[in-house]
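A short worksheet on the structure shown next.
The values are calculated or read from the model by the stated rules, or taken from the named source; none is laboratory data. As the structure is a computational prediction, the values presented were derived from the model and not from experiment. FYI the Cβ positions are ideal-geometry reconstructions off the backbone, even for glycines, and counts take in every protein chain you see. These area figures cover heavy atoms from the full protein model, side chains too; ligands, DNA and RNA do not enter into them. Shrake-Rupley method; radii C 1.70, N 1.55, O 1.52, S 1.80 Å.
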Amino acid sequence: MKTDDITELQDGENMYQLMKKLYPICRSITGNGVRETLEIIQELIPLQTVEVSTGTKVFDWEVPKEWNIRDAYIMDEKGNKIVDFKENNLHVVSYSIPVDKEVTLEELQEHLFSLEDQPDAIPYITSYYKERWGFCITHNQRQELSEGKYRVYIDSELKNGSLTYGELIIPGQTDKEIFLSTYICHPSMANNELSGPVLTTYLAKWILSQPREYTYRIVFIPETIGSITYLSRNYKTMKENIVAGYNISCVGDERAYSYLPSRDGNTLSDRAALNVLQQNYPDFIRYSFLDRGSDERQYCSPGIDLPVASIMRTKYGQYPEYHTSLDNLELVTANGLQGCIDIYKECIQLLEKNNKYKINCLGEPQLGKRGLYPTLSTKESGKIVRDMMNFIAYADGQNDLIDISNIINVPVKNLYSIIEKLQQNKLLSEVNQKEIIGGQTSAR
Amino acid sequence: MKTDDITELQDGENMYQLMKKLYPICRSITGNGVRETLEIIQELIPLQTVEVSTGTKVFDWEVPKEWNIRDAYIMDEKGNKIVDFKENNLHVVSYSIPVDKEVTLEELQEHLFSLEDQPDAIPYITSYYKERWGFCITHNQRQELSEGKYRVYIDSELKNGSLTYGELIIPGQTDKEIFLSTYICHPSMANNELSGPVLTTYLAKWILSQPREYTYRIVFIPETIGSITYLSRNYKTMKENIVAGYNISCVGDERAYSYLPSRDGNTLSDRAALNVLQQNYPDFIRYSFLDRGSDERQYCSPGIDLPVASIMRTKYGQYPEYHTSLDNLELVTANGLQGCIDIYKECIQLLEKNNKYKINCLGEPQLGKRGLYPTLSTKESGKIVRDMMNFIAYADGQNDLIDISNIINVPVKNLYSIIEKLQQNKLLSEVNQKEIIGGQTSAR
Amino acid sequence: MKTDDITELQDGENMYQLMKKLYPICRSITGNGVRETLEIIQELIPLQTVEVSTGTKVFDWEVPKEWNIRDAYIMDEKGNKIVDFKENNLHVVSYSIPVDKEVTLEELQEHLFSLEDQPDAIPYITSYYKERWGFCITHNQRQELSEGKYRVYIDSELKNGSLTYGELIIPGQTDKEIFLSTYICHPSMANNELSGPVLTTYLAKWILSQPREYTYRIVFIPETIGSITYLSRNYKTMKENIVAGYNISCVGDERAYSYLPSRDGNTLSDRAALNVLQQNYPDFIRYSFLDRGSDERQYCSPGIDLPVASIMRTKYGQYPEYHTSLDNLELVTANGLQGCIDIYKECIQLLEKNNKYKINCLGEPQLGKRGLYPTLSTKESGKIVRDMMNFIAYADGQNDLIDISNIINVPVKNLYSIIEKLQQNKLLSEVNQKEIIGGQTSAR
């Protein structure tokens, strides 16, 4: 892959436009919102969709009933819809069962959710595994509710159906895989979570356009039940082939870069992410696996143990708008998305190039006769070829590119041209790491 | 063993009463003082006593002559006993040979020991391996001695006999052992050392009352020569079976908690002690093995290499009253003893429960269907089951309980109920560490 | 080797006198200056000289043409030699081709080298691999040059010949080797570099006078091309036999002690150097291998991987006089050289004695019966034999002398007498490390 592609592309605006298109759809862990979302993404990348029937056993879980909703509101005695699902789909507790009755304010209160300390925000509430109904409103509105009768109406359906996910396998020259996962189960929220699917869509589009060695496995799934479902059907192949992976979530605001490790903490995914973040944004926030909260919980669970880390902007749970109506299209920006897709592209580029390199001669090579060294030795000239000499000193067939970059403290993107020059001069060999990972013979 | 036993028991007062009973006895590394001490302890726990004859070769050493003393004093010209062994047995240098003669003050001075910088304290002095006689007095008293004749009288006996120690083997379900050692060779001093034997007595009593998997080997020995003697007779079995052990000394004052590692520094004994101290008293004092000074010198010597660490209150050599008459029954308290026995009980409980645990399913288990998870997902609900989820995330069959507690930063006592719940739900297996330690098949 | 030899010798003055003798000679990477230098050194130690013909392939390089120079000057229109090689051999760019012509000031300027920010210094410039001619002058002088004609005259010769180096193999009781390398290619400069050859000469003289177990391989070579040439002829034997080595350079001023690691960073050479420096000069400067700049570049290159570190005074490139005429006989002192040879002697002594030691008994030995322990135990007596007891505690057959010194924080020179006493008492065995290094059977 070519370095300059990274800066050439201006995906930020495209990603933001896609997010605007997907934003109004009411997604949940199952149902037509997910299908509609995947259809729009399929206009950009050749995603396959898979349906898994309600009741299917998936590890310790089973695929739940499918939930769909058409309308919902709370109407006051005067016939005003004081809360309307059509205005904001966060108003209904996700997976609410149907209801259509008159209730007193007291009865209504038991089904209302609001945030006292964020009185302007509608909270995002789900109840996937216990059947109930409920509405989410701002605390300000709740305070103003007067005694009286209210009609509560939810036109939803909870019945046997299926769970839907999207999958894209982009073949490479080896069957060793890089894995990308994002989730498409959140209704109208932006950083968490539409930023993940839109970034992943454009990252997939970019990968499709590039020469590549690795195969890429990219999934758009509902969180938790989706990753469990996907793993239960694919984990043996995944454990055999995946060498690095990322869970892509919360990648759209501009306030921070952050990193959440795999459980192991020192996988290839972690090493690449840390190298790239350290070089580009040394003040990035470094979380512990104890701070996890997304599908790395499944991917890194005991016995699965996949190398899945996360590079994020502001992490879920770490910003005030999280899981409320305030996590909206103003919080996420084209810039925010662009910054994060660039980091992911750098990581993928690094993973593609992360061989163990070995210098072909004993002793230092004579760079001078190849025009790679200044001919006049002066007090200053030593520094000029220092990066190249340092690369050579550590190109011992044991260190991979990430190791060398870390040891000599030179960004990998500055090393690509050095590698190219040395290879052109037949001074450098690749000790092919990709084929030996996991002890498997690859197709290359 | 049940957690609540620890807080139910109030051993502190019992231990203090035992100490008061043992305090007046004149102990040394051999002799009737040791026997009398062990007899009193035998009223509480079924200790076996062993006699090893003078002259027996024990590693590089041999068992010394047995020493007993009946009386001793210094009498002035007027017939006043100005120094009287019956008032304080520290007045006589331990292992003093008999003497009965008149001496000048000048001659007397050569046999007197006092502390210039602690003029009120009688020092504790021993001369096990060179035959001499001597008296220990306060420096204040020494300053007031007038010229004249003094009668020095020591009615002691140094002759072939035996070295006495106590041993208690409490069988468990495996022949793998936890080892506890304390010493009973110090005359009337309290923190160093009667606190060790009295705490060990009540700890043994508690172990006897508990269900247990490990076998316990508990010894009451004279320091140094006792541990060398005991090791020379038992070290092969000990090396084969002991998985953890503690040398119990200086466990009675209230000024500090401290820890002295095994020579290795990372044995099971060290890991358990550090985990429990860190959780309960994070400001405990952490010594180096270079600060050692008790029987870990023998237990951790090259070729013996037993995993023996120490949890102490204020360590020997680290308090002004150490090895003087000021280390008395006012320095040690029921509270001080109670605090330290509680820590030892927690350690033993942890050692008993310290398996490697493995979650039985792939992916996270569905806690909700088992009533282990809140059914309504709110912004806050994630934190509620965090400890359980973190335990599960690291229960990979590789980490033992201490590892998990350290990684997720949750006290082990909070994890016992989580383990119980998960086991009740058949979600958790024990990877049985106890049977595989040392590669031996145990009796379980 | 005996400890007290170190302080007995006063080599500093001798080394300084040798440096004064060698200083005027015009050395380069080849030529008669090197031969003359080696001849003078041969008066002190039985160095063999080796000639390697121009054009010989040495790894990726080939031996260059031999360069010799008889005279050189710049003459002004009045016939004054304004720049004269005979006054300072730095005035000519090393490896300058012959020239004898009249040039304008403008033309001359293209062949002049000076340092604007060090206007009093003549810079040291070389052009080994591109044929050119040039003069080096102070910037002050350059500023004063007036328009006009100048005669430039260099009576040099660049033709097929050979590269010369010196080699001394001092046999020991094992064919395992300690390697010392220094370079003799610099013209009239003192710290970098005549300090290295003069110190190495007197270090070799000392080694010859000492009983020894190791074989010593000592080379005086031109930098870079010399080490590449030497390696290309000897690296297989060197890789098989060398257990530790040092590149000796910049060892003559008094401003600092510094250390540059091998590429590996944790070889025996590194461990010995760090131990000795830490004990003697704990404020020594610790460089990274990224700061390298001498023959460790070749010795530690991938595939060669020799354990070669450097102990220096002020390192090349780290002092203002470096590579100028200011690096002269005032910068280097007898004291400076003496301090550094003492450190190298301590290192060699440590390497010779660095066995793994094992105490011969189980449990602590009874030092008392051997007169190694005070017979009267007092509050203070414990400290007296602490060093010996600590040595014994870690003499487990696993730790070598460097490990023990580091763990117990006692200088190795204080441990030699302890080892001797314990050996005299048959309490200590050597686990012979020298024979097992590299898995080779040695001649001992």
| query | How crowded by other chains is A:292-300, given as the mean number of beta carbons from other chains within 10 Å of each beta carbon? | reply | 2
| note | For B:Asn140, inter-copy label-point distances (7 Å, Cα→Cβ), nm, shortest first, read 7.9, 7.9
| remark: With the label set 7 Å along Cα→Cβ, C:Asn414 is separated from its counterparts in the other copies, in nm and shortest first, by 4.5, 4.5
| field | Amide H partners (placed H, <5 Å) of B:Gly245, local residues excluded | value | B:Phe179, B:Ser269, B:Ala309
| request: Mind checking which of A:Thr200, A:Met389, A:Leu350 is farthest towards the positive end of chain A's charge dipole, using Cβ charges of +1 (Lys, Arg) and -1 (Asp, Glu) about the Cα centre? | output: A:Met389
| request: Can you send over the carbon and sulfur percentage of the accessible area for chain C, probe radius 1.4 Å, protein chains only? | output: 44 percent
| request: For A:Asn68, go 7 angstrom from Cα along the Cα-to-Cβ vector, then report the distances to that same point in the other copies in nm, smallest first. | output: 9.9, 10.0
| field | Under the Karplus curve 6.51 cos²θ - 1.76 cosθ + 1.60, θ = phi - 60°, whole-Hz ³J(HN,Hα) for the range B:176-186, x wherever Gly or Pro sits | value | 5, 10, 9, 10, 10, 10, 9, 10, 10, 10, 9
| task | With a cut-off of at most 10 other beta carbons within 10 Å, and DSSP calling the residue loop, which trypsin sites (Lys or Arg not before Pro) in the range C:19-57 qualify? Please list them. | result | none
| query | Quick one: in chain B, whose Cβ comes closest to the B/C rotation axis, and how close in angstrom? | reply | B:Asn266, 12
| request: Run down the lysines and flag those whose C-alpha is under 17 Å from the C-alpha of B:Lys356, throwing out any fewer than 8 positions away in its chain. | output: B:Lys176, B:Lys413, B:Lys421, B:Lys426, B:Lys434
| query | Considering only DSSP states other than H, G, I, E and B, which GluC sites (Glu not before Pro) in the range C:41-133 qualify as loop sites with at most 13 other Cβ atoms within 10 Å? | reply | C:Glu43, C:Glu77, C:Glu87, C:Glu110, C:Glu116, C:Glu131
| So, with +1 on the Cβ of K and R and -1 on the Cβ of D and E, and no other charges, what is the size of the charge dipole of the range A:67-159 about its Cα centre, to the nearest 20 debye? | 360 debye
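As an exercise, identify the trypsin sites (Lys or Arg not before Pro) in the range C:185-282 lying in DSSP coil whose Cβ has no more than 15 other Cβ atoms within 10 Å. Could you put the intermediate results ahead of the total?
Details: sites: C:Lys205, C:Arg212, C:Arg217, C:Arg233, C:Lys236, C:Lys239, C:Arg255, C:Arg263, C:Arg271; in loops: C:Arg212, C:Arg255, C:Arg263.
Those satisfying the criteria are C:Arg255.
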| query | Going out from 0 in 5 Å bins, what whole percent of all Cα-Cα distances in the range A:41-81 drops into each bin? | reply | 5, 14, 11, 11, 13, 14, 10, 9, 9, 4, 0
| remark: Gyration tensor on Cα atoms of the range C:11-80, a ≥ b ≥ c root eigenvalues, a/c under 1.5 rounded, else prolate if a/b beats b/c, else oblate, says oblate
| said: Just the number: Rg to Rh for the protein assembly as shown, Cα atoms, Kirkwood Rh, two decimals. | reply: 1.06
| request: Evaluate the charge dipole of the range A:270-368 about its Cα centre and quote only its size in Debye, nearest 20, assuming +1 on the Cβ of each Lys and Arg and -1 on the Cβ of each Asp and Glu. | output: 360 debye
| Antiparallel DSSP beta bridges within chain A, percent to nearest 5 | 70 percent
| message | Can you give the local net charge around B:Lys159? Use residues other than it whose beta-carbon is closer than 13 angstrom to its beta-carbon, Lys and Arg +1, Asp and Glu -1. | response | -2
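Mind checking C:366-373 for the average number of partner chain beta-carbons within 10 Å of each residue's beta-carbon?
Working: counts 9, 2, 4, 4, 1, 0, 0, 1.
Average neighbour count from other chains, rounded to a whole number: 3.
With only Lys, Arg, Asp and Glu charged, each at its Cβ (+1 for the first two, -1 for the last two), find how big the charge dipole of the protein assembly as shown is about the Cα centre; round to the nearest 20 debye.
Details: 141 positive and 183 negative charges, 640 e Å.
Here the protein assembly as shown has a charge dipole of around 3080 debye.
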| note | Extension length gain for A:Asn266 and A:Asn328 (0.36 nm per residue less Cα distance), in nm, is 18.9 nm
| Rounded if a/c is under 1.5, else prolate if a/b beats b/c, else oblate: with a ≥ b ≥ c from the C-alpha gyration tensor eigenvalues square-rooted, which is the range B:226-374? | oblate
| request: Provide the percentage of antiparallel DSSP beta bridges, counting only those with both residues in the protein assembly as shown; round to the nearest 5. | output: 70 percent
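Would you work out if the range C:83-208 is rounded, prolate or oblate? Take a ≥ b ≥ c from the square roots of the eigenvalues of the alpha-carbon gyration tensor; rounded if a/c is under 1.5, else prolate when a/b is larger than b/c, oblate otherwise. Working shown, then result.
Values: a/c = 3.86, a/b = 2.26, b/c = 1.71.
It comes out prolate by the Cα gyration axes.
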| query | For the range A:401-415, in order, what is each residue's ³J(HN,Hα) by Karplus, 6.51 cos²θ - 1.76 cosθ + 1.60 with θ = phi - 60°, in whole Hz (x at glycine and Pro)? | reply | 4, 5, 4, 4, 4, 5, 5, 8, 6, 10, x, 4, 5, 7, 8
| note | Under 5 Å from the placed amide H of C:Val83, counting only residues 5+ away or on other chains, we find C:Ile74
| message | Can you give me the long-range amide H partners of B:Phe113? Hydrogens built in the peptide plane at 1.01 Å from N, cutoff under 5 Å, separation of 5 or more residues or another chain. | response | B:Phe135, B:Cys136, B:Ile137
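Across the range C:14-107, how many lysine pairs, 8 or more apart or on two chains, come within less than 18 Å at their alpha-carbon atoms?
Going through the range C:14-107 pair by pair, I get 5.
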| message | Please list 3J(HN,Hα) in residue order for the range B:293-308, calculated via the Karplus relation 6.51 cos²θ - 1.76 cosθ + 1.60 where θ = phi - 60°; whole Hz, with x for glycine and proline. | response | x, 10, 6, 4, 4, 8, 5, 9, 5, x, x, 8, 6, 7, x, 10
| Surface per residue (accessible, 1.4 Å probe) for chain C, Å² | 38 Å²
| query | Equivalent-ellipsoid semi-axes (√(5λ), Cα gyration tensor) for chain B, whole Å, largest first? | reply | 50, 23, 17
| task | Using the charge dipole of the protein assembly as shown (Lys, Arg: +1 at Cβ; Asp, Glu: -1 at Cβ; taken about the Cα centre), state which of C:Pro211, B:Gly317, C:Ala309 has its Cα farthest towards the positive end. | result | C:Pro211
